[in-house]
Every structure is written in C-alpha cells, then in structure tokens.
1. When both residues are 6+ apart or on different chains and their Cβ atoms are under 7 Å apart, which pairs have a first residue that lies in region 216-231 and is without any contact (Cβ under 8 Å) to a residue 12 or more places away in the chain, and a second that is surrounded by 12 or more Cβ atoms within 10 Å (Cβ to Cβ)?
2. Any chance region 160-180 includes a residue that's open to solvent by less than 30 Å² (accessible area, probe 1.4 Å) and not in a helix (DSSP H, G or I)?
3. I'd like the full set of residues that are out of contact with any helix residue (DSSP H, G or I) (no Cβ under 6 Å at 6 or more places or on another chain) and surrounded by 13 or more Cβ atoms within 10 Å (Cβ to Cβ), limited to region 51-64.
4. When you go through (1) farther than 30 Å from THR210 by Cα; (2) under 20 Å from the mean Cα position of the chain (by Cα); (3) not β-branched (Val, Ile, Thr) one by one for GLU10, which number turns out not to apply?
5. Within region 81-99, does at least one residue satisfy the condition of being part of a strand (DSSP E or B) and either modelled with pLDDT of 95 or more or of a type in the set (A, V, I, L, M) (or both)?
6. Being assigned to a loop (DSSP other than H, G, I, E, B) and either farther than 30 Å from GLN347 by Cα or open to solvent by 20 Å² or more (accessible area, probe 1.4 Å) (or both) is true for just one of ARG222, ARG209. Which residue is that?
7. I'd like the full set of residues that are of a type in the set (Ser, Thr, Tyr), open to solvent by 20 Å² or more (accessible area, probe 1.4 Å) and not in a helix (DSSP H, G or I), limited to region 181-206.
8. Kindly provide the set of residues from region 60-84 that are more than 22 Å from ASN119 (Cβ to Cβ) and among the charged types (D, E, K, R), ordered by number.
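The values are calculated or read from the model by the stated rules, or taken from the named source; none is laboratory data. Predicted model only: the values in this text are computed from it and were never measured. Because the Cβ atoms are built from the backbone with ideal geometry, glycine has one as well, and the counts that use them run over all protein chains shown. What goes into the accessible areas is simple: the full protein's heavy atoms, side chains included, and nothing from ligands, DNA or RNA. Shrake-Rupley method; radii C 1.70, N 1.55, O 1.52, S 1.80 Å.
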Amino acid sequence: MMFAQVHCPEVLIAGELDTYLGNGWFRMGQSIFTTNFLNFRENFYSAIWLRIDLLKFNGDKTQQKLAKKNSRFGSVIREAVVNEEKESLYAKYKKNITFETSASLHHLLYGKSNRSIFNSYEVCIYDGSRLIAVGYFDIGSETAAGITCFYDPDYKKFSLGKHLIYLKLEYCKKSGLQYFYPGYFVPGYSFFDYKLTIGHSSLEYLQLRTNQWLSIQKFTSRDVPYYVMKDKLLQLSQVLTERGFRNNLLRYEFFDANLVPELMGAELFDFPLMLLLGENDSDPPDHLVVYDVCDEVFRLLKCRVVWKTNSSSPVNGTYASQVLKTEKEIFSGAMAEEIYHRLSSEQKYQSFRTGTF
C-alpha cells in the first residue's frame, strides 16, 4: 500500500468519486489525492479520514443554536460558480487567518485548469444583499465531500464556518445521500478538532490497519499510525542498540513526494519514519527498517537514491539529503527480536555492529 498518492483524471463520474472518498481520498484542485501523514511546522502527524453517516445524522444542539443565531441571514444552495464577489470575500478571509491556503479561490478549486471534473455546489450566506460566507462541496452518486468554507471576518462571532457545514449536511441528507466526507482530523494538532464536534454521534473514521470505517467512539491511540510506527521503531532501536548494532531513528522529509502530480506513478518511498542501520551518512542508505502499520510488520528495505538535495543529513532528526525509492524488501518480521536475530545470524550484516568495520 502507498501512503501518499495523487490521481489526475480527465473525467470523474459520480460513482468514481464515491469510491475514492470511501477509500480515504480527497480533492486537491482538479486532482484527487490520499495521504496518511502530515508535516506541520516541522512536526509529523497522522491524517485520520472522517465521514458522517447521513442516515444516522439527525442534527444536534449545536446545529440548532447556530440556526437560531444566524436566523436573520439568508442562504442559498446552487451549482458552484467562482466570480469576483467570491474572490474578494476569499481574499479578505485569507488576510485574517494564520494558516497557509491557496492564493485564490479559483486556484483552490481549479488549480491550473479552467474546467472542473467535479460536480460542485456552493452554499452562500447573505446579510441582506451582502455576501458574508461561502462553502463549497462536491456531490457524487451517494456521497458528498466538503471542500472549503470561508467567511467575512467582520462576522466571526456568528461561527459561520460551522454553520455552513451544517447547511451542507442538511442539504445532502435531504437529497438522499448516504455519507458526507469532511476530510481528516489530526491527533495532536488541535486545528482540525472542530470536525469531531459536528455530527459526532454519526461520525466515523477510516482505520488504516483494517481499511474499515468505524464509529469515532472506538478510536484509540492505536489507531494513530504515526504513534504506532514510532513506538515500534523505538522498541527495535533499543533492542539493536543493546545488542551492539548501530542505528538511528529519523523522520523522512520527503514522505509526501508522491503527492506532486509530476511524480504521479513514481511510487517513491513514503514512510515518515525509518530506522537507518550502520553509518548514518551512508550514501545511499544501504539498509533501513520501517514499520508497516497496515500489515503490522517490520520490513528491512534496500533503497536507492532518485534525487539528491543540498541538505546535510540528518538535521534535527530528519533525513532530508536524498529522495528515496524502495529497491527491494530483504525480509520482514512482526517482532523486534525477529529482526535482531535475522541481522545477527547473517555475516553480511555484521558491519552494522559497533566497532566492526
């Protein structure tokens, strides 16, 4: 399984969008992508994909409060259109946020294209004739995906972002759709936590190790792939260090390189964490160990370099000097002890031992 992928279809029919969304993919301009790991401010995290079961969603107290709070505003839902009025509102919103986003609304929705492969709708909220908030969403055959929401900062106290999401949910439910996909949340990074408060009783998450959608109430730290990878590799590192094998646990800077459309299909190495064996400045890294959270096994891999950077490695615990591609898997095992015994039993791996050259 690849943890990060991007597709750029020329045409996308409604049923295909349903399939993509059900597998944890999402829209990016006029492409569609999936990722399971993220890098925010030099910290690595897991992306946990979410969906709301509209058949179980019957509103909640927050929706009722927001509907009452915003009752004086008018709203309309229609096929999506980008115009100067919406671009102006988006630009005003963009100046008042602390996170990075697309340079323009057109770029966010269309990228470099002037046409759309998605069946997109918009929710517009007005204070009289003044446009104060807009939300976009895509509709498939039985599902929908929330793409973006933005609003006039002058109306921040009205929680229009959340209100837009509830309007989307209500429309999709009345349209007979089964699921609404709001994207992902990020354990340990609170910016996305608001998604966990909307339709919580009908909210589901995609469990990576089983590829199944489960109730968010079943979610535990064991469902955070980055945490699991780190814990397992730290266990292995301790075992190897105690037995005299040189190793270094590093984050991999280019785990998401496969999301670059020009690299589509390259199938580059995409693990966010790796345990380098032997010398840390090996060029290329002859052997490294990863923990595959999908199959729950350690894998000893041999990689090759496809591109070199000007960075030195490692810097602040991050390997950033080379973009890697897996050449072959040498062996795998479910337990740290298995990896140690395999390394210690073969002569060719003895150079990894401390003091052995």
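1. Listed pairs, sorted by first residue: ARG222/VAL228.
2. Yes; the residues of region 160-180 include at least one that is open to solvent by less than 30 Å² (accessible area, probe 1.4 Å) and not in a helix (DSSP H, G or I).
3. Here is the first cut: in region 51-64, the residues out of contact with any helix residue (DSSP H, G or I) (no Cβ under 6 Å at 6 or more places or on another chain) are 51, 55, 58-62, 64.
If the condition is that a residue be out of contact with any helix residue (DSSP H, G or I) (no Cβ under 6 Å at 6 or more places or on another chain) and surrounded by 13 or more Cβ atoms within 10 Å (Cβ to Cβ), then ARG51, GLY59, ASP60, THR62 are the ones that fit.
4. (2)
5. Let us first name the residues in region 81-99 that are part of a strand (DSSP E or B), namely none.
Checking region 81-99: not a single residue is part of a strand (DSSP E or B) and either modelled with pLDDT of 95 or more or of a type in the set (A, V, I, L, M) (or both).
6. Details: ARG222 fails: assigned to a loop (DSSP other than H, G, I, E, B).
The unique qualifying residue is ARG209.
7. Within region 181-206, the first condition is being of a type in the set (Ser, Thr, Tyr), and the residues that meet it are 181, 184, 189-190, 194, 197, 201-202, 205.
Subset that is open to solvent by 20 Å² or more (accessible area, probe 1.4 Å): 184, 189-190, 194, 197, 201.
The answer is TYR184, TYR189.
8. From region 60-84, those more than 22 Å from ASN119 (Cβ to Cβ) are 60-74, 84; that's our starting set.
ASP60, LYS61, LYS65, LYS68, LYS69, ARG72, GLU84 - these are the residues of region 60-84 that are more than 22 Å from ASN119 (Cβ to Cβ) and among the charged types (D, E, K, R).
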